[in-house]
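Read the structure below first, then the notes.
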Amino acid sequence: MSKLVIEERQVVIPGDTLAEGMDFLPGKGAFREGDNIISSRLGITNVSGRIVNVNALSGRYIPRRDDVVIGYVKDMSYSSWFVDVGCAYEASLSMKEATADFIERGSSLSDYFGIGEIILTRISNVTKEGNIDLTMKAPGLRKLHGGKIIEITPSKIPRVVGKQGSMISLIKDKTGCSIFAGQNGRIWIRGANPEAEKLATEAIQLINDKAHTSGLTERVGAFLEQHALEMQK
Amino acid sequence: MKYTKRIDGRKFDELRAMKAEVGVVKNAVGSARFQIGKTVAIAAVYGPKDLFPKFLQKPQSARLRCNYNMMAFSGSGERVRPGANRRSKEISMVIEKAFEPVLDLSEFPKAVVDVYIELIQTDAGTRCAGICAASLALADAGFDMKDLVCAVSCGLVGDQVVVDLDKPEEDFEGGAVDIPIAMLPRTGEITLLQLDGEISKEDLKKAIEAGKEACKKIYEVQKAALRAKYAQEVVA
């Protein structure tokens with residue numbers, strides 16, 4: 001007789017039994033041992049049909065294809081840039097993927113992206129060996145000027161964005177900041193004044209700390225409401 | 001030599017008071033503090049990240065690199081000379097080996113995961129406290145691991161089998177045998193077993209059994225610490 005030992009969206013730790021019996025299958029963050037499915041990480045359970053997954057609550061960014069991320073340009077070679085996207089490996093952005101311009105032989109790549117500059121970019125390919133290719137060829141991808149960047153746990157970015165972007169548009173509306181949330185946990189915020197940026201930062205930190213709880217949108221809404229009033233005074 | 005009553009008044013199979021906390025180092029990917037009696041270990045995990053020099057890279061998985069360090073002020077007597085030494089390097093190595101069967105780093109080929117274990121206060125059983133802390137820190141960092149690792153020292157003081165020796169017991173004038181043991185609590189597999197001293201086969205068996213029982217108690221403390229970090233708050 002198969003049964004689920006855990007509930008949906010429950011915090012589990014490595015070694016916890018998730019399900020008994022052969023009717024369930026181990027997904028991400030879980031493995032089978034004998035008849036049981038055991039969790040292999042600290043995370044939140046997610047049951048989709050017969051598959052039992054454990055989504056991590058922490059850890060560094062794991063790159064995935066088509067993720068839009070915020071990267072720091074670290075180095076460049078003859079024909080490509082090397083970008084830190086916050087994961088275990090450096091990503092590379094080739095000349096072809098960086099710009100539609102014709103680049104003269106021997107011209108300096110730093111005319112386009114210099115070392116230390118920050119770019120909003122998309123991951124076009126990831127190999128198992130850890131080679132990551134980036135592209136700038138998609139609408140909205142560009143160099144980021146001004147503003148500030150905060151880092152949160154990458155696995156919590158979906159909560160910051162919310163369903164159909166509900167959470168992030170709430171923060172944008174209430175603080176008047178432009179915000180980009182990269183899938184790698186880096187969030188770029190640019191506001192009209194430092195106070196607005198600070199308020200947006202605090203709201204995002206609140207989400208980061210309470211990402212595993214429910215009723216988060218209301219909570220963040222109340223938080224922003226309360227502080228917006230204080231700012232007006 | 002007879003050892004009838006423990007120096008600090010504990011029962012022979014009783015552990016010192018334990019305290020564990022997760023997420024204590026802000027800049028680390030995962031971190032934990034584990035205290036048993038007067039021994040306090042802090043572990044911080046960084047990575048996965050690029051590993052250099054390149055010849056150290058493993059093509060199929062990330063390398064686990066532990067760094068065990070007793071802080072200069074951590075001992076109860078003489079100042080500990082800072083930096084790596086023969087003892088700390090060896091302990092770092094056995095701690096790495098203790099995690100090998102549980103930790104799955106195949107998702108991060110060629111990278112490295114660094115675990116820094118700092119002992120801020122020591123009263124024997126430091127490598128065991130270090131393993132307990134590192135285990136929590138690695139779980140906190142979200143790595144795939146089949147189980148937590150629990151560790152405790154057991155052994156013989158005089159003629160008595162005890163668990164969790166403290167420094168006065170290790171230095172007992174009637175002789176003491178110190179056996180650090182690390183165990184996977186779910187399966188009971190042993191991932192670290194060292195022995196310092198002389199012990200009979202029967203006593204060794206008894207000591208290991210006692211150590212296994214003690215590890216289960218440590219496991220409870222570790223589980224509680226991990227769950228406490230994400231305890232569901234009642235939304236007011």
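No lab work stands behind these numbers, since they all come straight from the coordinates. Keep in mind that this is a model prediction, so the values were computed, not measured. Here the Cβ is made from the backbone with ideal geometry for all residues, glycine too, and neighbour counts use every protein chain on show.
Find the Cα radius of gyration of the stretch A:148-232, compare it with 2.2 N^0.38 Å by division, and give the number to two decimals. Taking N as the residue count of the stretch A:148-232, the ratio is 0.97.
Backbone phi angles across the stretch B:18-30, fed through the Karplus curve with coefficients 6.51, -1.76 and 1.60 (θ = phi - 60°), yield HN-Hα couplings of 10, 8, 9, 9, 10, x, 8, 9, 5, 7, 7, 5, x Hz in residue order; Gly and Pro are listed as x. Across peptide B:142-154, the mean count of Cβ atoms from other chains lying within 10 Å of each residue's own Cβ comes to 5. Eigen-decomposition of the gyration tensor built on the alpha-carbon atoms of chain B gives equivalent ellipsoid semi-axes of 30, 20, 18 angstrom, largest listed first. Karplus-derived 3J(HN,Hα) values for the stretch A:184-194, using 6.51 cos²θ - 1.76 cosθ + 1.60 with θ = phi - 60°, are 8, x, 8, 10, 9, 10, 10, x, 5, 8, x Hz; glycine and proline are entered as x.
Normalised by 2.2 N^0.38 Å, where N is the number of residues, the alpha-carbon radius of gyration of the protein assembly as shown equals 1.12.
By its C-alpha gyration tensor, with a ≥ b ≥ c as the square roots of the eigenvalues, how is the stretch A:8-56 shaped: rounded for a/c under 1.5, else prolate for a/b larger than b/c, else oblate? Oblate, because a/c is 1.5 or more while a/b does not exceed b/c.
Annotation: the residues B:Arg79, A:Arg64, A:Arg105, A:Arg190, sorted from fewest to most other C-beta atoms within 10 Å of their own C-beta, follow the order A:Arg105, B:Arg79, A:Arg64, A:Arg190. Between amide H atoms placed 1.01 Å from N, distances below 5 Å from A:Gln10 occur with A:Thr45, all of them 5 or more places distant or on a separate chain. The fewest-to-most ranking of A:His212, A:His145 by surrounding Cβ atoms within 10 Å reads A:His145, A:His212.
Treating the Cα atoms of chain A as identical point scatterers in vacuum, please give the log10 of the normalised Debye intensity I(q)/I(0) at q = 0.11, 0.18 Å⁻¹, two decimals. Values, matching the q order: -0.69, -1.22. Under a model in which nothing but the beta-carbon of Lys, Arg (+1) and Asp, Glu (-1) is charged, the stretch A:1-99 shows a dipole of about 120 debye around its Cα centre. Listed here are the pairs A:Lys156/B:Lys146; B:Lys97/B:Lys146; A:Lys156/B:Lys223; B:Lys38/B:Lys146; which of them are more than 19 Å apart at the Cα? In this structure, A:Lys156/B:Lys146; A:Lys156/B:Lys223; B:Lys38/B:Lys146 lie more than 19 Å apart at Cα.
Here is how the number arises for the protein assembly as shown: DSSP H runs of 4 or more residues each give -39500 (n - 2.57), the sum is divided by the residue count, and the result at 222 nm is -7500 deg cm²/dmol.
Fewest-first ordering of A:Phe102, A:Phe180 by other beta carbons within 10 Å of each residue's beta carbon gives A:Phe102, A:Phe180. Across the stretch B:15-82, the convex hull enclosing all Cα atoms gives 138 Å³ per residue. In terms of overall dimensions, the stretch B:42-136 has a Cα radius of gyration and Dmax of 14.2, 45 angstrom. Spin-label model, A:Tyr78 to B:Arg227: label points 7 Å out along the Cα-to-beta-carbon direction sit 6.0 nm apart.
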